[in-house]
1. Cβ-Cβ distance below 7 Å, separation of 6 or more or different chains: which pairs start in region 146-172 with a residue that is closer than 22 Å to Asn237 by Cα and end on one that is assigned to a helix (DSSP H, G or I) and open to solvent by less than 10 Å² (accessible area, probe 1.4 Å)?
2. Can you report the number of residues in region 95-106 which are surrounded by 22 or more Cβ atoms within 10 Å (Cβ to Cβ) and touching a strand residue (DSSP E or B) at 6+ places or on another chain (Cβ under 7 Å)?
3. Which of the residues spanning region 214-232 are open to solvent by 60 Å² or more (accessible area, probe 1.4 Å) and either basic (Lys, Arg) or on the phi > 0 side of the Ramachandran plot (or both)?
4. Within region 67-84, which residues are touching a residue at least 12 places away in the same chain (Cβ under 8 Å) and farther than 16 Å from His117 by Cβ?
5. Being over 17 Å from His245 (Cβ atoms) and touching a strand residue (DSSP E or B) at 6+ places or on another chain (Cβ under 7 Å) is the filter here; which residues of region 107-149 pass it?
6. Within region 254-273, count every residue that is over 13 Å from Pro230 (Cα atoms) and of a type in the set (A, V, I, L, M).
7. Tell me, yes or no, whether region 199-222 has at least one residue that is assigned to a loop (DSSP other than H, G, I, E, B), under 23 Å from Gln311 (Cβ atoms) and out of contact with any His (no Cβ under 7 Å at 6 or more places or on another chain).
8. Working only within region 144-156, note down all residues that are open to solvent by 80 Å² or more (accessible area, probe 1.4 Å) and either among the basic types (Lys, Arg) or under 19 Å from the mean Cα position of the chain (by Cα) (or both).
Amino acid sequence: MGIVDSYRLRLRRKRWHLRAFRRRHELRPVVDRTSDLRRTDILLFCTLRNERIRLPWFLDFYRRIGVNHFFFVDNDSGDGGREYLAQQPDVSLWTTKASYARSRFGVDWLNLLLRRHAHGHWALTVDVDEFLVYPFSDTRPLRALTDWLDTCAIRSLGAMMVDMYPKGRIADARYAEGQDPLEIASWFDGGNYQISRNPDLRNLWIQGGPRARMFFADAPSKAPALNKVPLVKWHRNYAYVSSTHMLLPRGLNQVYDSGGGEKASGCLLHAKFIDTFEGKTAEESQRQQHYGREYAAYDTQPVLWTRWSEQYVNWRQLEMLGLMSKGNWA
């Protein structure tokens with residue numbers, strides 16, 4: 001990379017930091033337990049709105065794999081979720097009534113909190129319907145993975161988002177609070193993915209799966225991106241650019257081996273398509289705070305399951321299908 005390109009990207013990163021700093025007055029602390037943080041804690045960052053029903057399982061899942069402290073930005077929920085989170089001893093919580101869209105879909109808020117609190121920590125940034133699966137996640141805690149990444153001087157872990165869905169109608173996949181959503185949305189597309197490389201920021205760009213074939217069949221190139229870099233050994237100079245799809249400095253995006261080998265990677269199992277989906281779609285279509293074309297496409301509720309669908313078993317299945325890799329972590 002030349003001097004001009006390097007300088008351009010540095011200015012771009014400073015601009016994201018400045019944007020985040022200007023949003024600081026939009027966040028009101030509800031409960032701040034950051035004084036309890038230890039240097040080695042693994043942190044999780046998340047924005048949400050009206051997701052109370054999902055919170056017990058989400059917290060339990062990430063506590064079990066080894067997250068030590070949670071940072072939430074609540075975007076003006078009215079379902080009791082904010083009150084529930086405030087009672088959790090390992091949660092720090094901020095709330096805001098500001099525009100989700102004008103905060104670059106929450107990225108500015110999270111960049112601010114990451115810069116303030118995550119420096120020197122492994123930080124996991126996910127949505128409340130995303131569940132990280134990584135090599136040996138059935139037997140090894142997240143700490144084992146981050147320790148190995150530290151030993152290998154690897155600063156970030158890529159994860160492909162895999163949309164999960166039920167076998168029948170989405171509206172019939174009834175979800176109960178505290179339930180594992182993958183019990184009712186246990187199917188996914190084992191193929192049907194397209195991968196390209198972004199030469200500017202070096203990240204992979206992955207599209208496909210059920211959303212591309214059902215909601216964006218007429219324009220697959222406009223389907224949502226499935227590439228993410230959710231786990232990063234954070235430094236205060238880092239910044240997410242677009243959700244967790246890519247970061248600056250751009251070296252953090254090279255979560256694949258360009259020499260023909262494989263780097264360790266994970267999957268984010270995306271449990272969006274359960275019976276709460278219809279209500280969320282109607283709410284967000286009215287609020288118009290998300291990417292417009294995506295939520296406009298969700299007006300219909302087809303059955304996503306096909307005879308080619310795969311039922312989720314474990315991470316090894318995802319590895320065999322080429323959706324993730326253990327690299328040289330044996």
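The values are calculated or read from the model by the stated rules, or taken from the named source; none is laboratory data. Everything quoted here is computed from the prediction, not taken from an experiment. For neighbour counting, all protein chains shown are included, and Cβ atoms are generated from backbone atoms with ideal geometry for every residue, glycine included. Surface accessibility is based on the protein's heavy atoms, side chains included, excluding ligands, DNA and RNA. Shrake-Rupley method; radii C 1.70, N 1.55, O 1.52, S 1.80 Å.
1. Arg155/Leu252; Ser156/Leu252; Leu157/Leu149
2. 1
3. Answer for region 214-232, where residues must be open to solvent by 60 Å² or more (accessible area, probe 1.4 Å) and either basic (Lys, Arg) or on the phi > 0 side of the Ramachandran plot (or both): just Lys222.
4. Asp74, Asn75, Asp76, Ser77, Gly78, Asp79, Gly80, Gly81, Arg82, Tyr84
5. Leu113, His117, Ala118, His121, Trp122, Val128, Phe131, Val133, Tyr134, Thr146, Leu149
6. The number of residues fulfilling the criteria is 2.
7. no
8. Arg155
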